[in-house]
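Visitor: What follows is a single structure, and I will ask about it in a moment.
The values are calculated or read from the model by the stated rules, or taken from the named source; none is laboratory data. What you are looking at is a predicted structure, and each value in this text was computed from that prediction instead of being measured. Glycine also receives a Cβ, built like all others from the backbone with ideal geometry; neighbour counts cover every protein chain displayed.
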Amino acid sequence: MPNAPHAAPALAPTRHAEIAVIGAGVIGLAAALRLAQAGREVVLIDPEKPGSGASFGNAGTIADYAVLPVAQPGLLRDLPRLLTDRDSPLALRPRGLWRMLPWLAAFSWNCLPHRCRANAAALAEMLADAGRRWQELAQAAGGGDLLKDNGCLYLIESESLARSGAADAGFRRRYGVQLQELAPPEVAALEPALPAVAGGAHYFPTAMHVTDPGAMMALLADACTRQGVRFIAARVDALTPFAGGVELQAGGERLHAARAVIAAGAASAPLARQAGERVLLDTERGYHLEFDMPAPLLSRPAASAQGGFYMIPMHGRLRVAGAVELGGTSLPPDKARLATLERGARRFFPDLPAPSRSWSGFRPSVPGMLPLIRRAHTHPQVVLAFGHGHLGLTLAPLTAERVAVLLDGGESG
Ligand SMILES: Cc1cc2nc3c(=O)[nH]c(=O)nc-3n(C[C@H](O)[C@H](O)[C@H](O)COP(=O)(O)OP(=O)(O)OC[C@H]3O[C@@H](n4cnc5c(N)ncnc54)[C@H](O)[C@@H]3O)c2cc1C
């Protein structure tokens, strides 16, 4: 029975805090900033440079259109093709897979039509105001010029994709997404450097993107410091709830906090377990390549519907980001994923220079693709804020709002 609160541990702790936020990715940074702005005393604990995990390497899109969950009926139908096509965005790494079976079973269940619709409705509610929320967050961090609000394109590269694309468009519209179906000349007018795209594109006019996620994370960290957040550069090894709060062991020291927020991305499950929560959290590893160039070919993110990757204009470079690799966090990156991304990008831009750098990182993913933002059932002084999968950047400001409400004793919506 791990759940009964125990008495405060006997040894004197070395530090105290009102609220300890564990993990300084975009979720932890946004939550810490929000709480500090509200006058709370916050420590933010992470062994790594703030914002250097998945929050550094993503595609930068504030994807308010992403109401179509990854877990959807069509995915099960397309699975054989996705697993055998060498240019597929989906890959399984058998060595890490057996451990994922419960997650995969729950994911498959979430692909059923009624689950997909329920998840889409919940996502639509969370995404509805993502752009405005990000504008406020970027302003607060002094990063307004890193946020561009000129939409996002989904490129439909063939007539057959146009048919499934039409169904996707109908689905998104039902959940309130603004979407324009563009013919090839209209795509060319928006993005002259792109080659002709046979099936045109879906244009999401209210989407935004961050032109340098790493720089935005640094600004968020600076804003936290200005607001009085204390950073502790250590890994939280143990979390022990007790009657009046939570004890954390980090870097050989002990910290007592009245409340704790678990925002450790893909590494959150063991901490949640110590708060009495068994969660199905795993990872979908993603990759990016960057091509340095002064004018990065596009003026807004463009996603390949066929390849499942984004090409994003970033400061001084074109970033090509995507891939979904199932197989845990312990294996080294797979060069084949980077090669697939590069082949995909060269289908659009054959004259790209050699890649300047590459990266891989871990999306924190739950089977239904809806993040866990709630109090722990038996230890309500611990708040869970993880599992944002493909949408952590987009949903960070909303998550921060909900975390603040939960710590005030309210319900998160
Ligand atoms: C290729 C790719 C493209 C993506 N594109 C987009 C996109 O366009 N739009 C979008 O909205 N989302 C996108 N995402 C998803 C998004 O990046 C993630 O959902 C988001 O970054 C998750 O943020 P996080 O703070 O939960 O995790 P992270 O950024 O991974 O941060 C977790 C932090 O916790 C720390 N930590 C771990 N364990 C401990 C511990 N025990 N103690 C203390 N600290 C700990 C880590 O060091 C890390 O700094 C993409 C992801 C990938 C991989």
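Visitor: Return only the number of the condition from (1) within 14 Å of the ligand (Cβ to nearest atom); (2) hydrophobic (A, V, I, L, M, F, W, C); (3) free of Cβ contacts under 8 Å to residues at least 12 places away in the same chain that Leu101 does not satisfy.
Guide: Failing condition for Leu101: (1).
Visitor: Would you say Val236 is crowded, with 23+ Cβ neighbours inside 10 Å and touching a residue at least 12 places away in the same chain (Cβ under 8 Å)?
Guide: Criteria met by Val236.
Visitor: Give the residue, chosen from Glu181, Glu157, Glu186, that is over 30 Å from Ala215 (Cβ atoms) and in a strand (DSSP E or B). Step through it out loud before you land on a result.
Guide: Values: Glu157 fails: in a strand (DSSP E or B); Glu186 fails: in a strand (DSSP E or B).
Criteria check complete, one pass: Glu181.
Visitor: (1) at positive phi; (2) crowded, with 21+ Cβ neighbours inside 10 Å; (3) among the aliphatic types (A, V, I, L, M): which one isn't true of Leu281, the others all being true?
Guide: With respect to (1) at positive phi; (2) crowded, with 21+ Cβ neighbours inside 10 Å; (3) among the aliphatic types (A, V, I, L, M), Leu281 is out only on (1).
Visitor: Can I ask one more? What's the total number of residues in segment 55-72 that are more than 11 Å from the ligand (Cβ to nearest atom) and under 24 Å from Ala404 (Cβ atoms)?
Guide: Residues flagged as more than 11 Å from the ligand (Cβ to nearest atom) and under 24 Å from Ala404 (Cβ atoms) within segment 55-72 amount to 0.
Visitor: Just one of the numbered conditions (1) acidic (Asp, Glu); (2) touching a residue at least 40 places away in the same chain (Cβ under 8 Å); (3) exposed (fewer than 14 other Cβ atoms within 10 Å of the Cβ) is not true of Asp64; which one?
Guide: Looking at each condition in turn, Asp64 falls short on (3).
Visitor: Still on this structure: Would you pick out the residues in segment 329-364 that are buried (at least 16 other Cβ atoms within 10 Å of the Cβ) and part of a loop (DSSP other than H, G, I, E, B)?
Guide: Selection gives Asp334, Phe349, Leu352, Pro355.
Visitor: Does segment 220-238 contain at least one residue that is within 30 Å of Leu352 (Cβ to Cβ) and either part of a loop (DSSP other than H, G, I, E, B) or within 22 Å of the chain's Cα centre (by Cα) (or both)?
Guide: no
Visitor: Here is a further query. Exactly one condition in (1) away from the ligand (no atom under 14 Å from the Cβ); (2) of a type outside the set (Lys, Arg); (3) not in a strand (DSSP E or B) is false for Leu318; which is it?
Guide: Exception for Leu318: condition (3).
Visitor: Condition (residue is more than 27 Å from Leu338 (Cα to Cα), over 16 Å from the mean Cα position of the chain (by Cα), more than 11 Å from the ligand (Cβ to nearest atom) and part of a helix (DSSP H, G or I)) applied to segment 382-390: is it met by at least one residue?
Guide: no
Visitor: Please count how many residues of segment 195-219 are hydroxyl-bearing (Ser, Thr, Tyr) and either out of contact with any strand residue (DSSP E or B) (no Cβ under 8 Å at 6 or more places or on another chain) or part of a strand (DSSP E or B) (or both). Before you say what the answer is, go through the steps one by one.
Guide: Step one: filter segment 195-219 for residues hydroxyl-bearing (Ser, Thr, Tyr), giving 203, 206, 211.
Within this subset, residues satisfying the condition of being either out of contact with any strand residue (DSSP E or B) (no Cβ under 8 Å at 6 or more places or on another chain) or part of a strand (DSSP E or B) (or both) are 203, 206.
Qualifying residue count for the region: 2.
Visitor: Could I ask something else about it? Taking the stated definitions as given, is Val70 touching a residue at least 60 places away in the same chain (Cβ under 8 Å), farther than 28 Å from Ala303 by Cα, among the β-branched types (Val, Ile, Thr) and not in a helix (DSSP H, G or I)?
Guide: Answer is no for this residue.
Visitor: For segment 342-353, state whether one or more residues are more than 12 Å from the ligand (Cβ to nearest atom) and closer than 30 Å to Arg273 by Cα.
Guide: So far as segment 342-353 goes, no, none of its residues is more than 12 Å from the ligand (Cβ to nearest atom) and closer than 30 Å to Arg273 by Cα.
Let's see how each residue does on (1) modelled with pLDDT of 95 or more; (2) not in a loop (DSSP other than H, G, I, E, B):
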residue: Ala10; (1), (2): no, no
residue: Pro13; (1), (2): no, no
residue: Ala20; (1), (2): yes, yes
residue: Leu35; (1), (2): yes, yes
residue: Glu48; (1), (2): yes, no
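Visitor: Within segment 271-284, can one find any residue that is over 20 Å from Ser358 (Cβ atoms), in a loop (DSSP other than H, G, I, E, B) and free of Cβ contacts under 8 Å to residues at least 24 places away in the same chain?
Guide: Taking every residue of segment 271-284 in turn, at least one turns out to be over 20 Å from Ser358 (Cβ atoms), in a loop (DSSP other than H, G, I, E, B) and free of Cβ contacts under 8 Å to residues at least 24 places away in the same chain.
Visitor: Another question about this same structure. In segment 247-267, which residue that is surrounded by fewer than 24 Cβ atoms within 10 Å (Cβ to Cβ) and assigned to a loop (DSSP other than H, G, I, E, B) is farthest from the ligand (Cβ to nearest atom)?
Guide: So the residue we want is Gly252.
Visitor: Return the pairs, sorted by first residue and then second, in which the second residue is of a type in the set (Asp, Glu) and at pLDDT 90 or above, the first residue lies in segment 316-334 and is more than 11 Å from Gly361 (Cα to Cα), the beta carbons are less than 6 Å apart, and the residues are 6+ apart or on different chains.
Guide: Matching pairs, first to second residue: Arg317/Glu290; Arg317/Asp292; Arg319/Glu290.
Visitor: How many residues are surrounded by fewer than 22 Cβ atoms within 10 Å (Cβ to Cβ) and within 9 Å of the ligand (Cβ to nearest atom) when one looks only at segment 14-54?
Guide: Of the residues in segment 14-54, 4 are surrounded by fewer than 22 Cβ atoms within 10 Å (Cβ to Cβ) and within 9 Å of the ligand (Cβ to nearest atom).
Visitor: Keeping to segment 145-185, report how many residues are without any contact (Cβ under 8 Å) to a residue 24 or more places away in the chain and surrounded by 14 or more Cβ atoms within 10 Å (Cβ to Cβ).
Guide: Selection size over segment 145-185: 3.
Visitor: How many residues does segment 139-154 contain that are under 27 Å from Leu194 (Cβ atoms) and either of a type in the set (A, V, I, L, M, F, W, C) or outside any helix (DSSP H, G or I) (or both)?
Guide: Qualifying residue count, segment 139-154: 9.
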